[in-house]
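K.L.:
The structure follows.
Please treat every number below as a calculation from the coordinates, not as lab data. In this text the structure is predicted, and so the values were computed from the model without any measurement. Cβ coordinates were reconstructed from backbone atoms using ideal geometry, including for glycine residues, and neighbour counts include every protein chain displayed.
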Ligand code: I3P
């Protein structure tokens with residue numbers, strides 16, 4: 001699965017609260033491949049970037065959990081992603097169908 005989404009970091013690995021200046025919403029072109037969610041600036045990011053860039057902009061989704069963020073009321077169509085290493089992110093999608101599709105993709109890979 002691929003597409004543009006907005007991302008907000010809440011907790012870095014080991015449940016460490018993300019620093020204030022890194023908690024803003026930012027748009028990414030996301031690609032799920034081989035149990036990893038890659039985040040790039042646009043569609044060309046994957047092709048153009050070095051493998052090291054890909055690793056840097058990646059969230060491992062093996063043993064991760066995506067759930068509707070019903071408690072986050074500032075935006076619509078948002079899901080929470082909790083990773084195995086205890087990082088936590090919010091992702092805003094475009095509509096309820098996309099929301100469901102991202103959640104299923106992440107949970108069922
Ligand atoms: C953040 C930005 C985010 C906000 C976050 C701020 O500031 O305003 O939109 O999250 O709040 O820290 P900055 O742009 O200076 O990085 P919300 O949209 O969820 O309010 P937070 O500190 O409560 O995470």
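K.L.:
Has region 97-109 got at least one residue that is within 16 Å of the ligand (Cβ to nearest atom), in contact with a strand residue (DSSP E or B) (Cβ under 8 Å, 6 or more places away or on another chain) and farther than 19 Å from residue 11 by Cβ?
P.N.:
Taking region 97-109 first, the residues within 16 Å of the ligand (Cβ to nearest atom) are none.
Scanning region 97-109, I find no residue that is within 16 Å of the ligand (Cβ to nearest atom), in contact with a strand residue (DSSP E or B) (Cβ under 8 Å, 6 or more places away or on another chain) and farther than 19 Å from residue 11 by Cβ, so the answer is no.
K.L.:
Restricting region 1-29 to residues that are away from the ligand (no atom under 11 Å from the Cβ) and assigned to a helix (DSSP H, G or I), which is surrounded by the fewest Cβ atoms within 10 Å (Cβ to Cβ)? I'd like the intermediate steps shown before the answer.
P.N.:
Filtering region 1-29 for residues away from the ligand (no atom under 11 Å from the Cβ) gives 1-5, 7, 12-16, 27-29.
This time we only want the ones that are assigned to a helix (DSSP H, G or I), so: 13-15.
Details: 13: 11, 14: 8, 15: 12.
Filtering first and then ranking leaves 14.
K.L.:
Here is a further query. Residue check, residue 44 against (1) under 14 Å from residue 2 (Cα atoms); (2) within 16 Å of the chain's Cα centre (by Cα); (3) surrounded by fewer than 12 Cβ atoms within 10 Å (Cβ to Cβ), all met but one. Which one?
P.N.:
Residue 44 satisfies every listed condition except (2).
K.L.:
Filtering region 30-48 down to residues that are outside any strand (DSSP E or B) and on the phi < 0 side of the Ramachandran plot, which residue is farthest from the ligand (Cβ to nearest atom)? Reasoning before the result, please.
P.N.:
Taking region 30-48 first, the residues outside any strand (DSSP E or B) are 34-35, 41-48.
Now restrict to residues that are on the phi < 0 side of the Ramachandran plot: 41-48.
Values: 41: 18, 42: 21, 43: 25, 44: 26, 45: 22, 46: 26, 47: 30, 48: 27 Å.
Here the residue is 47.
K.L.:
So, one more: Might you let me know whether region 78-87 holds any residue that is without any contact (Cβ under 8 Å) to a residue 60 or more places away in the chain, away from the ligand (no atom under 16 Å from the Cβ), out of contact with any strand residue (DSSP E or B) (no Cβ under 6 Å at 6 or more places or on another chain) and part of a loop (DSSP other than H, G, I, E, B)?
P.N.:
Taking every residue of region 78-87 in turn, at least one turns out to be without any contact (Cβ under 8 Å) to a residue 60 or more places away in the chain, away from the ligand (no atom under 16 Å from the Cβ), out of contact with any strand residue (DSSP E or B) (no Cβ under 6 Å at 6 or more places or on another chain) and part of a loop (DSSP other than H, G, I, E, B).
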